[in-house]
Structures are given as C-alpha cells and as structure tokens.
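The values are calculated or read from the model by the stated rules, or taken from the named source; none is laboratory data. Owing to the predicted nature of the structure, the values given are computational and were not obtained by experimental measurement. Methodologically, a virtual Cβ is constructed for each residue, glycine included, from the backbone with ideal geometry; neighbour enumeration extends over all protein chains shown.
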C-alpha cells in the first residue's frame, strides 16, 4: 500500500527537518522571507502557526496578541504593553504592523541574537504562503500547520467549526491537502478536523506537566486540552492514546521522550516529530532517540549535524 506520508517518515540514512516558524533563529518568524529561505536551503517541510483575524482571514502568526518585542506600528514605533489581539484586528489593520525585527533589550531578542533585523515584513495571510507553495519551485514542499487555540480563552479564536472550516477552505483552494499535516495542542481542534476533513493527517502536540512550566501543559487527565481523552484510555501510554484517536503524527516536546517512547509510537504507525530542538545537544539527543523529524529554529544547523554523521534529511 502506498504510504502518503512517506516523505515525512525517517528512512535509512534520513531524518527529516522541519523549519520551525520558517527559520526563527536567523530570520523573522512566520514570515514569507523566512519560509522562502528555509525552502531555498533544501528543507522540505516548514512548521507554521495559524490564527484568524476579525474579518475571518486565516493568518500566519503564533501569539494571540501582537508581541511588543517584535512589532512596530505604521510609523515605525515599537508597540508598548500588551499588543492587540489578532482576532480583534482586520487583515488590513494587522498588516499595517511591521514584524521584521526584534526589539533590543528584550528577553525575546536575547534568545535569538542571530536573527536578521528587517523592515516592512508583515504577518502573512495563510493564502499568501499557500499560493507560493502551489507553484514551482516550491510545489513539492510540505506545510506542518499548527492551529492555535487555548480552551480557556475562546475569545482568541472563532467558534471551532468555523475556525477549522476557514483554514480548510484555503487549503482546498490551492489543492494543498496532499502536502499538509494539521496539528494542535488543543485536541478539540483535531476532533473538528477529523469531522470536516477525515482524510487529512492530524498531529497531536504534547507537553507534559512539570514544575513551574513556562507554558500550559496539555497532557493532564481532565484538562480541556485533551478533549475528553485520558491516558487511562490507553493503559497510560500517550503514543497508544494518539494512535487510538486516529492521529498520524505525535509531536512531543523533545525533553519529554526517550527511545522507548519513539519505538512504541512508530510501532503504532505514528510519525514522531520532536519540538523544538535547537542546541546541538538537543538535536543529537532527538536523533539518538530515533525520531522521524526534527522541528528546529536552526534548520541549517540540523543539516550540518546530520551530514557530519553521514545522514541526510531528504529522500
């Protein structure tokens, strides 16, 4: 039987690389210039984030608000305090802002000291990237689309059926279904994708609980993130639970997994993509664990590490 996801699975001598938000380590995240760069250095998959504007346009951006650390207004001034909510802005209002640089002195800028500072970069509509990858030279690349949602903040997104339908409409318009996986930490989103587009591969993102977590853990029995599922449903095995739910991909936080987890997931037919592996040590640990894919802000760094071991990322 033909494996439609073979381009995303590891193979002898091959570990796949996903450019996280394009190549966030070196270019502004979730921008068209960042995606083109990632494709141009030989990466066949980009990971990106989608939210929806006030006029119901799916756009490529990660945070529910524009970030003060990376956003200037139409006059070139840094925005202050909490930025406006994406869902409260029209596409025109959103794209009046410049997201091409990081503000010196911020913690975010310190995390990415090698990221280029550019002017006139806008939050793109999903359709803008879809058009680019629908024609040569990028008509063979894949999109790993994370649909952003937070169960406790429904005001950040449309009602889930409308939200998912709007994203699927863009993919249908550009005939991208054969080269897309849809992922989310909010498994309610994945339930809705299964209802509306059951043939699209779904990727379950996971982040285990830990002391003082910097972001919300989503694998907690009884949490809204898991959409009613529990680890007990699968004997305590997260890979088994995701496979039982019809997932095609498991995307765990890199520090949450070991080789045994990866072996179990792959035995159930899951692709395993570890996020976000940036340091050489993190990249190497994910390779050693046997993952199918590396989701990284530094795709060129991952390329070099693979090449040094006689490995590659393309079949």
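Listed values, structure above:
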quantity: Among the residues listed as 241, 208, 270, 190, the single one being buried (at least 21 other Cβ atoms within 10 Å of the Cβ), touching a helix residue (DSSP H, G or I) at 6+ places or on another chain (Cβ under 7 Å) and touching a residue at least 24 places away in the same chain (Cβ under 8 Å); calculated: 270
quantity: Subset of region 244-256 [more than 18 Å from residue 182 (Cα to Cα) and out of contact with any helix residue (DSSP H, G or I) (no Cβ under 6 Å at 6 or more places or on another chain)]; calculated: 255, 256
quantity: Any hit, region 280-299, residues being touching a residue at least 12 places away in the same chain (Cβ under 8 Å), loosely packed, with under 14 Cβ neighbours inside 10 Å and on the phi > 0 side of the Ramachandran plot; calculated: no
quantity: Hey, residue 177 without any contact (Cβ under 8 Å) to a residue 24 or more places away in the chain, surrounded by fewer than 20 Cβ atoms within 10 Å (Cβ to Cβ), within 30 Å of residue 133 (Cβ to Cβ) and touching a helix residue (DSSP H, G or I) at 6+ places or on another chain (Cβ under 8 Å) or not; calculated: yes
quantity: Any hit, region 75-95, residues being in contact (Cβ under 8 Å) with a residue 24 or more places away in the chain, closer than 30 Å to residue 199 by Cα and under 20 Å from the mean Cα position of the chain (by Cα); calculated: yes
quantity: Test: residue 83 is in contact with a strand residue (DSSP E or B) (Cβ under 6 Å, 6 or more places away or on another chain), in a loop (DSSP other than H, G, I, E, B) and surrounded by 10 or more Cβ atoms within 10 Å (Cβ to Cβ); calculated: yes
quantity: Residue match in region 104-119 (condition: crowded, with 18+ Cβ neighbours inside 10 Å, at pLDDT 95 or above, part of a strand (DSSP E or B) and out of contact with any helix residue (DSSP H, G or I) (no Cβ under 7 Å at 6 or more places or on another chain)); calculated: no
quantity: Residue 126 within 27 Å of residue 73 (Cβ to Cβ), surrounded by 21 or more Cβ atoms within 10 Å (Cβ to Cβ), at pLDDT 95 or above and touching a helix residue (DSSP H, G or I) at 6+ places or on another chain (Cβ under 9 Å); calculated: yes
quantity: Residue match in region 168-191 (condition: in a loop (DSSP other than H, G, I, E, B), at pLDDT 95 or above and at positive phi); calculated: yes
quantity: Residues being closer than 16 Å to residue 185 by Cα and touching a strand residue (DSSP E or B) at 6+ places or on another chain (Cβ under 9 Å) - total across region 226-270; calculated: 18
